[in-house]
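Below is one structure, written out as structure tokens; comments come after it.
Throughout, read-outs are computed from the coordinates displayed, never taken from laboratory work. No experiment lies behind these values; they were computed from the predicted model shown.
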Amino acid sequence: MSFQNPQLLFGLFALVIPILIHFFNFRKTRKVYFSNTRFLQKVKESTATRKRLKHYLILASRLLFIFFLVLAFAQPFLPAPESSSSGDPVFVYLDNSWSMSNEVDDGVPALDRSIGFLDELVRQFPPTTQYKLLTNDFLASSRTLKSAREMEELITEIEYSGVPRRMDEVLSRLEADTQGSSVNLFWLSDFQKATLGADVLNFDSSRQINIVPFEFSNDANAFVDSLYVENPLMITDEQVRLHVIFSKVGGSGSGEVIAKVYLDGVQSGTASVSLSANSRQELVFDLSVDRSRPHRGKIVFEEFPVTFDNEFNFVLNIPETIVVLDIKGGDAITPVELVYGNSDLFDLVSQPASNLDYNQIELSDLVIINGINVLDPPLATALNRYLGAGGTVMMIPGENISVESYRNLNGLGSLQLYDSMGLNTLSTPDYDNPFFDNVFEERNDRLQMPAAIPIVTSDIFREKILSFPDGKPFLSVRRGTGDIYLMSTPLSEAYGNFSRHALFVPVMYKVAVSGKSERNELYRYINRSSFSLKQDSTATNSLYKLIREDEEIIPQQRVDGNRIYFEVPRFTLSTGFYELYRDETFLGLVAFNTDPEESDIRQMNREEVVQAFQGKLVDVLSVDSQSDFAGVISEKFIGKTLWKEALMLALLFLLLEVLLIRFMP
């Protein structure tokens, strides 16, 4: 048996007080007159025996009362199996992601239940215990030890976080914070299957982790998985076709979801979809939009009890024109100039290689080397720098090309002349190639294809977009830091009719769209908040900021070449819309949502949790209520307290003393 306040055992010296009282108080004599000494002898014998017994019983009850009263204040307890670690710091990871808003068996959100457990944890451990509290925000302040009072204040400040964390991330952070020290680790989470992360969780195998899982009463949830528009550049004048992908996980049977689309707060469409367990369905909305301004869009539906993902935000921003640089071999007008002549969509700059403004290369979304026979080394160097910064280049050979001069260009080191096979018709496109998304209204294997005479090829361009019947590529792409498209034939009529074929315009548009640096990003996720913009050469010292009502966020900014990269602290973001400004200039809207992985509320069971830790020392604490949790913590770390029993015995002996004095003659 041990004591929480052993210094109070000095109070046992008070036991001498009733003993002294016994010796001095109960020995007082009283004079009684008797007429006959024979009666005196009988009285003396009978009363002395009875009085002595009463005095001893009263003395014993007083001694036992004081003894157990002192024990009660010293707080005796039977040590727990891990009581030796009860004085170590307590490290707690609390999963405060939005999935913890789902209800446990008694209708209480899992986060509220976990906060109650934390309160009980602080009450159970000794008052001198120090704590660290880690949440999904991974705040720097979570690295410092807190007192019990500070921990109680932190618990009251816990809110939902839009940042989900994988288990390997949490373990890495805990490992860094503990640094091999002896601590008591607690992990409170719903243990979603989507958060498992790495197959093997690396952690100090000698350290035990106390797992507190929260089992949901409902594991079904419907949510917006993704959405897209058929024309990301909004090439059509007014109408936008919005595709919304719904998913449902868990549960059984099927249910109907009624979804509404709002643009700038006005309902623009409604549709319903039937979702069965673990299925995906698509809804399509035709929206009329004004291309002169950005629009705040929102998908809204109702589903219970998981409601945090019942809204999905998106933005239809004003599409900027695509800057195309056409570097041509002569002064004549080329098919490239004609196809990109729509000034509403493209900002075309066409210059002969002999009179090229090299500064224009870095300002372009797409650079086309069009019909140049010999690629000068200075131009190759400028293009390599452009590709290294993430640019997109399309190479269309000249009729008398020098392949050796092109081998200085990154990605064209294996360029070689094509063994002539004459005019040959191209094969039907691969309709499953993402490049052709939204190009064809229907699949047609008998589509009349253009014909061409190839003159160059390269073995390292393995992603074919269009090809000949023998498998040789007509148009291919090599992807890397920058993308480079290779066309195997010139665009002149002597080498084919591709430039006059109906396929020419959508293919060239698709190439331009792939090179667009600032696409119309419909939405972003809070946990993937990094993005980049093309840096305006006149705004090198500008300040970029995100503004939402009274909230202003200045993201970390890093300039690399002609681009500026932003890193927004994830824990500062909320779902909704932010306005992006450069100084006082409005640039557009940004919509943030929670990651769809967070909406997948399917959980690991007890065996899967233990297996995830790969044999580490894991103790899964299966508790359903705050009182159960308190009992488990006390039994494991504190031990069985006996102060209540000691106090009850003290009161019992006090009552016994009163009864002896009152009723025993």
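Structural remarks
- Matching label, Cα Rg over 2.2 N^0.38 Å computed from the structure shown, candidates (i) 1.54; (ii) 0.94; (iii) 1.04: (i)
- Here the relative contact order of segment 52-188, from alpha carbon pairs under 8 Å that lie six or more residues apart, stands at 34 percent.
- Listed pairs K146/K545; K132/K193; K328/K534 exceeding 30 Å between Cα atoms: K146/K545
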